[in-house]
Amino acid sequence: MVDLTIIAKSVIEGEKEKIRALVQQAISEGVTADRLLSEGLIAGMNVVGERMKTHEMWLPEVILSAMTMQVGLDLLKPLLGTTGAGLGPKVVLGTVKGDVHDIGKNLVGMMLRGAGFQVVDLGINRAAEEFVRAAEEEEAKIVGMSALLTTTMPEMRNTIEALKAAGIREKVKVIVGGAPVSPEYATQIGADGYARDAARAVDKVRELVG
Ligand code: B1M
């Protein structure tokens, strides 16, 4: 049986090749995607975050850890995307302007797809106007924004204001998330919903589209 703490350690140490084999082995042994995520990949990335804060790890190492985590996430994709046909309501999803963190956003996208939603992923560093344009063009029911930096959180408010200015605020529901975002902040900026993690994001989006 694969020890999930070894998967966490591979994320911390940025061992891209090793993690591929470990995650594949864990999947074949029947470890659930939930456990692989929480006790393996995310547990490892949490340690990276702590070490980044205390300067025990620097950007090049953190980038390597992020790439390693993405290898693991990609292997989990089929497990997270087994239930839906992907023809449900459209969700425009992106990381806000000034912010390049995308691991959490990618996870949210994968789980939404898995739950049957159509996800239009705008990627990272997306300005308010890009969310507005995509929401209009795609006739989206939901706009989802991710921010990982306290300095980029205000971009979420800017996007909501831009949706209002474009006259489409009433047509879409807005959900926000990311480590520094709180339910209180979501309410303050006029979002319709907040989710702490990707699984809860799926529940919240379901609730918002009724
Ligand atoms: Co960055 N970084 N980083 N970083 N980085 C943090 C966020 C930080 C907390 C690290 C720290 O100091 N402890 C800190 C932010 C401090 C703050 O603002 N309060 C920080 C900093 C300072 C920076 C730089 C400024 C560093 C520098 O340059 N000196 C820089 C900024 C770059 C920029 O964006 N302009 C930077 C750069 C980077 C890397 C590029 C090296 C890399 C990102 C690579 C990538 O994403 N492709 C990186 C990483 C990896 C991190 C940490 C270590 C891990 C983030 C992560 O992927 N977590 C992070 C520390 C931490 O968070 N522990 C840190 C795993 C992921 C699954 O969780 O993204 O939180 P998360 O997503 C969760 C939930 O938040 C939620 O669901 C997911 C789980 O299910 N969620 C949503 C997310 N989006 C959602 C949207 C929703 C709903 C839920 O609805 C739409």
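Close Cβ contacts (under 6 Å, 6 or more residues apart or on different chains) running from residues in the range 44-70 that are open to solvent by 30 Å² or more (accessible area, probe 1.4 Å) and more than 8 Å from the ligand (Cβ to nearest atom) to residues that are assigned to a helix (DSSP H, G or I) and not aromatic (Phe, Trp, Tyr) comprise 47/12.
Could you check the range 133-183 and list, in sequence order, the residues that are more than 15 Å from the ligand (Cβ to nearest atom) and either buried (at least 23 other Cβ atoms within 10 Å of the Cβ) or of a type in the set (D, E, K, R) (or both)? Outline the logic, then answer.
Filtering the range 133-183 down to residues more than 15 Å from the ligand (Cβ to nearest atom) leaves 133, 136-139, 158, 161-162, 164-171.
Those that are more than 15 Å from the ligand (Cβ to nearest atom) and either buried (at least 23 other Cβ atoms within 10 Å of the Cβ) or of a type in the set (D, E, K, R) (or both): 133, 136, 137, 138, 139, 161, 164, 169, 170, 171.
Of all the residues in the range 1-29, those that are among the acidic types (Asp, Glu), assigned to a helix (DSSP H, G or I) and modelled with pLDDT of 95 or more number 1. Within the range 190-199, the residues that satisfy the criterion of being within 13 Å of the ligand (Cβ to nearest atom) and modelled with pLDDT of 95 or more are 191, 192, 193, 194, 195, 196. Of all the criteria given as (1) of a type in the set (Asp, Glu); (2) closer than 20 Å to residue 144 by Cα; (3) modelled with pLDDT under 95, the one not satisfied by residue 99 is (3).
Restricting the range 113-132 to residues that are among the β-branched types (Val, Ile, Thr) and away from the ligand (no atom under 12 Å from the Cβ), the residue that is most open to solvent (accessible area, probe 1.4 Å) is 120. Of the numbered criteria (1) assigned to a strand (DSSP E or B); (2) surrounded by fewer than 20 Cβ atoms within 10 Å (Cβ to Cβ), the one residue 77 fails is (1).
What tally of residues in the range 30-43 results from selecting those that are open to solvent by 40 Å² or more (accessible area, probe 1.4 Å) and in a helix (DSSP H, G or I)? Spell out how you get there, then give the answer.
Kept after step one, since they are open to solvent by 40 Å² or more (accessible area, probe 1.4 Å), are these residues of the range 30-43: 30, 32, 34-35, 38-39, 42.
Going one step further and asking which of them are in a helix (DSSP H, G or I), we end up with 34-35, 38-39, 42.
Residues in the range 30-43 being open to solvent by 40 Å² or more (accessible area, probe 1.4 Å) and in a helix (DSSP H, G or I): 5 in total.
The values are calculated or read from the model by the stated rules, or taken from the named source; none is laboratory data. What you see is a predicted model, and the numbers here were worked out from it, not measured in a lab. Using ideal geometry, Cβ is built from the backbone for each residue, glycine included, and neighbour counts are taken over all protein chains shown. Only protein heavy atoms, including side chains, enter the accessible area calculation; ligands, DNA and RNA are left aside. Shrake-Rupley method; radii C 1.70, N 1.55, O 1.52, S 1.80 Å.
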